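Engineer: Sharing a structure below in structure tokens format, with a few things to ask.
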Amino acid sequence: MPHPGVRILIMAVAVLAPLPAYWAGHRLPIPVAVFEITLGIFIGPDVLGWAHGDQVVDALSSLGLSMLIFLAGYEIEFAAVRGDTLRRAMDAWTVTLALALGIAFALTGAQAGKSFVTGTALTSTALGAVLPILRGAGALGGRFATVVMAFGAVRGFGPIVAMSVLPGGRSPGRATAVLLAFALITVAAVIWALRPPPPWLPRVVTQTLHSSGQFAVRFVMLLLACMLGLSAAFGVDTLLGAFVAGLLTRLVLRRSAPDGGEAVLGKIEAMGFGFLVPIFFVVTGMQFDLDALLQGGRPLLLLPVFLLLFLLVRGGPAYLLAPSDLSRGDRGALARYCSACLPLVVAITTIGVQDGALDTGAAAALTGAAMLSVLVLPLIAPRVRGGTPAAPAPTSPEVVDEPW
């Protein structure tokens, strides 16, 4: 298909994907990303062969990945969880990372680059797939939900940092030095963001919010571009730059636009989830190596192995290190919630394939296992707690899009 036709087809798939997510959402809260990837596979080279990537599509897909991680950074609020709960969440993720890297080294025959990418992908959690289940069960405001938020926040932030810290093409010492320099600049940016804004800034944000000026939206996009540029200049993974930009945006909007911050975020989310992020997931489906799975062999064998590892490597430490006031059922449910992830697995494997550290067969196995994890594990968790998963509210498909 000619290039303009491919771009129209990709956007048509992006428009169609929320419909089955909406219809299924009345019974099962399936993330819309699952449908976007599946439809991308369907129109891609391995099935119908209608769509192939080009320079424009690839550029839009890269922007979609950056926007996805940016919105994830904005969503995570560490101030909401602190103390012993946050410490336990960090300890559990550290154990998960150690186990994941050790198992990845064994699976890959000690290939460093492939092991680091695979191991990091095994450590994340899909908080966005979990929240609709908790909301539907009426458990979003309780102690259990707070613990899930803490563990999910750390498992969203940790893998992104790990992708930049773990040695890839650089030596460990140089990688650490570069990351420390990037961290110092980030700290300076956070200090700047925490300063009281000039008195004219809230007025400008409010007055241009619904005009052609859109000052706040343009400022946020500039902040994202600066952090991505800084990441490129320091040789740090762009995931970290996009994530930090999201964290900074939350700080800036809370101080400069306390009344209009949600409206600004709504505009950014519309740009991200309405345009760029769906393109990333559809293109991910187009690049999915379905032949490697259908032909059997190692990739097909790895898919159930990765699904089991998600449960053991992510869920095991979460179960053992959960706060002591949680019941046995709550611990089991927490373990299953922590084992579900899709968006960050897709992001990490995409970077791994682009860098040549991961082959498309292993990426397909990881992505396929991640899709199964968000379809199955969050639905089992409420039963482990002693209840049944409640049907989500009619508006739940809007929430299912959340990046984690």
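The values are calculated or read from the model by the stated rules, or taken from the named source; none is laboratory data. Just so it is clear, the model here is predicted, and its values are computed rather than measured. Heads up, the Cβs are rebuilt from the backbone with ideal geometry, glycines too, and the neighbour counts pull from every protein chain shown. Areas reflect the complete protein model, heavy atoms only, side chains present, ligands, DNA and RNA absent. Shrake-Rupley method; radii C 1.70, N 1.55, O 1.52, S 1.80 Å.
Engineer: In the stretch 301-341, which residues are in contact with a Ser or Thr (Cβ under 7 Å, 6 or more places away or on another chain) and outside any helix (DSSP H, G or I)?
Structural biologist: If the condition is that a residue be in contact with a Ser or Thr (Cβ under 7 Å, 6 or more places away or on another chain) and outside any helix (DSSP H, G or I), then P323, S339, A340, C341 are the ones that fit.
Engineer: Can you name every residue in the stretch 22-53 that is modelled with pLDDT of 80 or more, under 26 Å from P382 (Cβ atoms) and open to solvent by less than 50 Å² (accessible area, probe 1.4 Å)?
Structural biologist: V32, A33, V34, F35, E36, I37 - these are the residues of the stretch 22-53 that are modelled with pLDDT of 80 or more, under 26 Å from P382 (Cβ atoms) and open to solvent by less than 50 Å² (accessible area, probe 1.4 Å).
Engineer: Here's something else I'd like to know. From (1) modelled with pLDDT under 80; (2) part of a helix (DSSP H, G or I); (3) more than 23 Å from G44 (Cβ to Cβ); (4) open to solvent by less than 30 Å² (accessible area, probe 1.4 Å), pick out the condition that doesn't hold for W404.
Structural biologist: (2)
Engineer: Moving to a separate point now. Can you tell me which residue is farthest from T120 (Cα to Cα) among those in the stretch 313-326 that are more than 24 Å from the chain's Cα centre (by Cα) and touching a residue at least 40 places away in the same chain (Cβ under 8 Å)?
Structural biologist: Only one residue tops the list, namely D325.
Engineer: Among the helices (runs of 4 or more DSSP H) lying completely within the stretch 1-69, list those that include at least 2 residues that are over 20 Å from L290 (Cα atoms). Even if it seems obvious, please write down each step before you answer.
Structural biologist: Working: elements: 3-16, 18-25, 32-43.
Counting at least 2 such residues, we get 3-16, 18-25.
Engineer: In the list L344, L301, which residue meets the criterion of being open to solvent by 10 Å² or more (accessible area, probe 1.4 Å) and not aromatic (F, W, Y)? Please lay out each step first, then the result.
Structural biologist: Numbers: L344 fails: open to solvent by 10 Å² or more (accessible area, probe 1.4 Å).
After applying the criteria, what remains is L301.
Engineer: Return yes when F215 is open to solvent by 30 Å² or more (accessible area, probe 1.4 Å), free of Cβ contacts under 8 Å to residues at least 60 places away in the same chain and of a type in the set (F, W, Y) and no when it is not.
Structural biologist: yes
Engineer: Then there is this: Could you list, in sequence order, all residues of the stretch 349-370 that are in contact with a Pro (Cβ under 9 Å, 6 or more places away or on another chain), under 17 Å from P31 (Cβ atoms) and aliphatic (A, V, I, L, M)?
Structural biologist: Listed by number, the residues that qualify are A369, A370.
Engineer: Something else about it: Of the conditions (1) more than 16 Å from R314 (Cβ to Cβ); (2) open to solvent by 10 Å² or more (accessible area, probe 1.4 Å); (3) modelled with pLDDT of 75 or more; (4) in contact with a Phe, Trp or Tyr (Cβ under 7 Å, 6 or more places away or on another chain), P397 clears all except one; give me its number.
Structural biologist: Only one criterion in (1) more than 16 Å from R314 (Cβ to Cβ); (2) open to solvent by 10 Å² or more (accessible area, probe 1.4 Å); (3) modelled with pLDDT of 75 or more; (4) in contact with a Phe, Trp or Tyr (Cβ under 7 Å, 6 or more places away or on another chain) is unmet by P397, namely (3).
Engineer: Could you give me the residue pairs with C-beta distances under 7 Å whose first residue belongs to the stretch 66-78 and is of a type in the set (D, E, K, R), whose second residue is at pLDDT below 80 wherever it lies, and which are 6+ apart or on separate chains?
Structural biologist: Between residues of the stretch 66-78 that are of a type in the set (D, E, K, R) and residues that are at pLDDT below 80, the close pairs are E75/E402; E75/P403; E75/W404.
Engineer: Please count how many residues of the stretch 327-350 are more than 11 Å from A381 (Cβ to Cβ), out of contact with any Leu (no Cβ under 7 Å at 6 or more places or on another chain) and hydrophobic (A, V, I, L, M, F, W, C).
Structural biologist: 5
Engineer: Can you pull out every residue in the stretch 164-182 that is crowded, with 16+ Cβ neighbours inside 10 Å and either more than 19 Å from A347 (Cα to Cα) or modelled with pLDDT of 70 or more (or both)? Spell out the reasoning first.
Structural biologist: Step one: list which residues in the stretch 164-182 are crowded, with 16+ Cβ neighbours inside 10 Å, which gives 164-166, 168, 175, 178-179, 182.
Those that are crowded, with 16+ Cβ neighbours inside 10 Å and either more than 19 Å from A347 (Cα to Cα) or modelled with pLDDT of 70 or more (or both): A175, V178, L179, F182.
Engineer: With respect to the numbered conditions (1) at pLDDT 75 or above; (2) touching a Phe, Trp or Tyr at 6+ places or on another chain (Cβ under 8 Å), which one is the sole condition not fulfilled by V147?
Structural biologist: (2)
Engineer: Output the number of the condition that A270 fails; it satisfies all remaining conditions of (1) part of a helix (DSSP H, G or I); (2) in contact (Cβ under 8 Å) with a residue 12 or more places away in the chain.
Structural biologist: It fails just one condition, (2).
Engineer: A further question on this structure: Do we have any residue at all in the stretch 84-104 that's surrounded by 14 or more Cβ atoms within 10 Å (Cβ to Cβ), in a loop (DSSP other than H, G, I, E, B) and modelled with pLDDT of 85 or more?
Structural biologist: Taking every residue of the stretch 84-104 in turn, none turns out to be surrounded by 14 or more Cβ atoms within 10 Å (Cβ to Cβ), in a loop (DSSP other than H, G, I, E, B) and modelled with pLDDT of 85 or more.
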